[in-house]
1. List the pairs whose first member sits in the range 144-161 and is of a type in the set (S, T, N, Q), whose second member is crowded, with 18+ Cβ neighbours inside 10 Å and outside any helix (DSSP H, G or I), and whose Cβ atoms are under 6 Å apart, counting only residues at least 6 apart or on separate chains?
2. Just the residues that are surrounded by fewer than 21 Cβ atoms within 10 Å (Cβ to Cβ) and either within 23 Å of residue 314 (Cβ to Cβ) or among the charged types (D, E, K, R) (or both), please, taken from the range 342-378.
3. Just one of (1) open to solvent by 30 Å² or more (accessible area, probe 1.4 Å); (2) of a type outside the set (Asp, Glu); (3) in a helix (DSSP H, G or I); (4) farther than 30 Å from residue 20 by Cβ trips up residue 309, so point out which.
4. For residues that are touching a residue at least 60 places away in the same chain (Cβ under 8 Å) and part of a helix (DSSP H, G or I), scanning just the range 183-203, find the one that is nearest to residue 333 (Cα to Cα).
5. Of a type outside the set (A, V, I, L, M), open to solvent by 10 Å² or more (accessible area, probe 1.4 Å) and farther than 27 Å from residue 320 by Cβ - does that describe any residue in the range 84-98?
Amino acid sequence: MSIFRDLFSNVANLADWRYVVMWAIGGILIYLAIKKDMEPTLLLPMGFGTILVNIPLSGAIGDEGAITTLFNAGIANELFPLILFIGIGAMIDFGPVLSNPKLMIFGAAAQFGIFFTFCLASMFFTTPEAASIGIIGAADGPTAIVVANQLLGPDSEITGAIMVAAYSYMALVPIIQPPVIKLLTTKKERRIRMDNTTVKVSKLTRILFPIIVTIVAGVIAPSSVSLIGFLMFGNLIRECGVLDSLSETAQKVLANLVTIFLGITIANQMVADKFLQPSTLLILGLGLFAFIFDTAGGVLFAKLLNLFLPKGKKMNPMIGAAGISAFPMSGRVVHKMGLAEDNQNFLLMHSIGVNVSGQIASVIAGGLILKFILPLVA
């Protein structure tokens, strides 16, 4: 009889429209991953996980559920995001920014939307919640998870929405950024060609860079040490020249494996009764606002610099948009837009240089937010 009661209970629960909505959301994420090829390693497990946790009486969540166990083991304690940063660091070549250090200022300029959104979100949410929402604009999923966990705790009702927004907007870079860039630039500006002459960067410089960045960032924002440290450790593995097999493992096997676990585990926070709240839509809207203003901040800063640069030395303002942390998608988007305007306009070296600068800047921005807001939570 208990079997029939459980079956009847499941059928009755199916009448709850919230489950159907969450299945639809999961289906959309899977569609974007497969059909549109938008970050499939992340969106596909996130979408399927959303369906898993929203089956009535799902055994995937709860005290003995597999997804809840993974969440407690890898996200609640911030382990997965930090391990993923090792893989990301091993993928990054800081050569373009080391050969042209002035590109680093665009990484800083493209974080404008984070702090602007923080101020705006403070009108609707508490200060820790507003700070966690603002960091969505960095388009840096691991940083968003760490900041939200430390400021709000893993069980907060809005943590799931913040995680989903951060990773979804990362995947939507090719859709969101081009219209913003075109709105803020003229065709003439988008056709500006930049010098692609490279300066050789010594091996010693490449080795010292991640060490120095970790120390400097740690002094400025001590709360960012774990984030920046794991990122730079991954890069040191890449550049040291004696750990090639570990570097390859970190870039491929480790990064892909952790991304799969991260994607399906985030779904633990996408249970219908938590996710389908009016605050979720507001968070998604504010996250999009932050993302757009980060893009705009980088572009407008480049346009401002061009007012003071002589003719022939002006920068293509599109590269400023690559200052968000969505590496390497944003850099590629800018490069493709340059080629679309002029098939001889190669911006990849510059846009990737700005993009990797944005990766560092977003982590430091997250550390600064933790430095100033975390004492208010204690």
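1. Close Cβ pairs (under 6 Å, with a partner that is crowded, with 18+ Cβ neighbours inside 10 Å and outside any helix (DSSP H, G or I)) amount to 149/78.
2. 342, 343, 344, 345, 346, 348, 371
3. Condition (3) is where residue 309 drops out.
4. Taking the range 183-203 first, the residues touching a residue at least 60 places away in the same chain (Cβ under 8 Å) are 184-185, 187, 189-194, 196, 198-201.
Subsequent filtering for residues that are part of a helix (DSSP H, G or I) retains 184, 187, 189-190.
Numbers: 184: 16, 187: 16, 189: 16, 190: 13 Å.
So the residue we want is 190.
5. Step one: filter the range 84-98 for residues of a type outside the set (A, V, I, L, M), giving 85, 87, 89, 93-96.
Filter once more, so that each one left must be open to solvent by 10 Å² or more (accessible area, probe 1.4 Å): 93, 96.
Now restrict to residues that are farther than 27 Å from residue 320 by Cβ: none.
The answer is no, given that none of the residues of the range 84-98 is of a type outside the set (A, V, I, L, M), open to solvent by 10 Å² or more (accessible area, probe 1.4 Å) and farther than 27 Å from residue 320 by Cβ.
Listed here are the residues, each with its yes/no results for (1) buried (at least 19 other Cβ atoms within 10 Å of the Cβ); (2) β-branched (Val, Ile, Thr); (3) farther than 24 Å from residue 81 by Cβ.
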| site | (1), (2), (3) |
| --- | --- |
| 317 | yes, no, yes |
| 324 | yes, yes, no |
| 336 | no, no, yes |
| 340 | no, no, yes |
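Conditions tested, residue by residue: (1) touching a Leu at 6+ places or on another chain (Cβ under 7 Å); (2) surrounded by fewer than 22 Cβ atoms within 10 Å (Cβ to Cβ); (3) modelled with pLDDT under 90.
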site: 45; (1), (2), (3): no, no, no
site: 48; (1), (2), (3): no, yes, no
site: 51; (1), (2), (3): no, yes, no
site: 62; (1), (2), (3): no, yes, yes
site: 66; (1), (2), (3): no, yes, no
site: 71; (1), (2), (3): no, no, no
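To keep it simple, each residue is scored yes or no on (1) at pLDDT 95 or above; (2) among the hydroxyl-bearing types (Ser, Thr, Tyr); (3) open to solvent by 60 Å² or more (accessible area, probe 1.4 Å); (4) under 27 Å from residue 133 (Cα atoms).
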residue: 200; (1), (2), (3), (4): no, no, yes, no
residue: 208; (1), (2), (3), (4): yes, no, yes, no
residue: 242; (1), (2), (3), (4): no, no, yes, no
residue: 255; (1), (2), (3), (4): no, no, no, yes
residue: 276; (1), (2), (3), (4): no, no, no, yes
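The values are calculated or read from the model by the stated rules, or taken from the named source; none is laboratory data. The structure displayed is predicted, hence computed values, not measured ones. Neighbour counts are summed over all protein chains in view; Cβ atoms, including those assigned to glycine, are modelled from backbone coordinates with ideal geometry. The protein model used for the area step is the full one, side chains on, heavy atoms only, and it has no ligands, DNA or RNA in it. Shrake-Rupley method; radii C 1.70, N 1.55, O 1.52, S 1.80 Å.
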